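All of the numbers you see were taken from the coordinates with simple rules; none came from a lab. Keep in mind that what you see is a predicted model, and the values were worked out from it rather than measured. Neighbour counts run over all protein chains shown; Cβ positions are idealised from the backbone, glycine included.
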């Protein structure tokens, strides 16, 4: 089997590449840096520039599955120009892939596209399954909606489309967790707002395993890539403190203060999405880290 990966050098991409190589899966990856192109038996790089519509079409040779992870980070301040980059990095990259597949002979049978639970509306009480039709009216909800619409176009080429809605990805190597850990280590950690907002999370090892499982089982449709036990913000911060053998002593940080500090991006800390993992469980996926305490003990 051979897969083509976009976003292979990102947080999730690196974990996935390592897993696939361990299992003898050949990888083609796309990079915007010609200097980063490597060529070896199981790992071959190809140049692309989605903004300019450029792609080395040789990347498709022998590829059975595309795993599309590329997209600008949402963890930078959402200026007007950067918001545009967040959307375009996801849409333009999908469009370039679609055009390459449409115009070149290939054997691609499936595309797995990253998505996010941010598509679900903010709620302290709802439990969201994949059949949910309501979409968050926030910037992030709009991003995910357009992201998934861009993935849908591959169906016109008779390619199975699997959209994995990532929860909060927990990793010791980057992402949100290190920035949550730092203040707790310094004794100034706290929850945010009421602390009752739900965070649907997933250990990065489980996420990589789920992507590979989706390849092996030819998944199509929408799947929530979250652990079975979401937690509130208060529970998350207390679990981090427990794993570090520390205490949360400060009162929760007011929402207004975080809005002043982060602007619109503060929504990442205050939106509540309690998301169900039942569909992935029903389809045979087994988590190594179902509970937050076990996940944090492994990562911290």
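Of all beta bridges that DSSP places with both ends in the chain, some 15 percent have antiparallel geometry. Here are several values of semi-axes √(5λ) of the Cα gyration tensor in Å: (1) 38, 26, 14; (2) 31, 24, 18; (3) 33, 20, 19. Which one was derived from the coordinates shown? Correct label, based on the coordinates given: (3).
Spatial offset of the range 2-56 relative to the range 196-270 amounts to 27 Å, using the alpha carbon center of each.
Nearest 0.05, what FRET efficiency do residue 42 and residue 79 give at R0 = 35 Å with Cβ-Cβ as r? Calculated transfer efficiency: 0.30.
Counting DSSP beta bridges with both partners in the range 4-149, what percentage is antiparallel, nearest 5? Here the share of antiparallel DSSP bridges comes out near 20 percent. Once the gyration tensor of the Cα atoms in the range 66-162 is diagonalised, the equivalent ellipsoid follows with semi-axes of 26, 18, 9 Å, ordered largest first. To test your reading of the geometry: what angle, between 0 and 90 degrees and rounded to tens, separates the Cα axis of helix 139-152 from the longest principal axis of the chain? Result, in degrees: 20.
From the Cα gyration tensor of the range 1-108, with a ≥ b ≥ c the square roots of its eigenvalues, which class applies: rounded if a/c is under 1.5, or else prolate if a/b is larger than b/c, or else oblate? Cα axes put the range 1-108 in the oblate bin.
Can you tell me how the range 72-124 classifies by the Cα gyration tensor, rounded, prolate or oblate, using a/c under 1.5 as the rounded cut? Verdict is oblate for the range 72-124. The relative contact order of the range 1-140 comes to 22 percent, based on Cα pairs under 8 Å that sit 6 or more residues apart.
Compared with the dominant principal axis of the Cα atoms in the chain, helix 80-103 is inclined by about 30°. Measuring nothing but how far apart in sequence close Cα pairs (under 8 Å, 6+ apart) lie, relative to its length, the chain scores a relative contact order of 18 percent.
Report summary: the helix-based calculation at 222 nm, which adds -39500 (n - 2.57) for every DSSP H run with n ≥ 4 and divides by the residues of the chain, gives -11000 deg cm²/dmol.
Ranked by the mean number of other Cβ atoms within 10 Å of their residues, highest first, the peptides 19-30, 110-121 come out as 110-121, 19-30. Taking a ≥ b ≥ c as the square roots of the eigenvalues of the Cα gyration tensor of the range 194-244, is the shape rounded (a/c under 1.5), prolate (a/b larger than b/c) or oblate? Cα axes put the range 194-244 in the oblate bin. Our summary gives the range 91-205 a relative contact order of 29 percent, counting only alpha carbon pairs under 8 angstrom and 6 or more residues apart.
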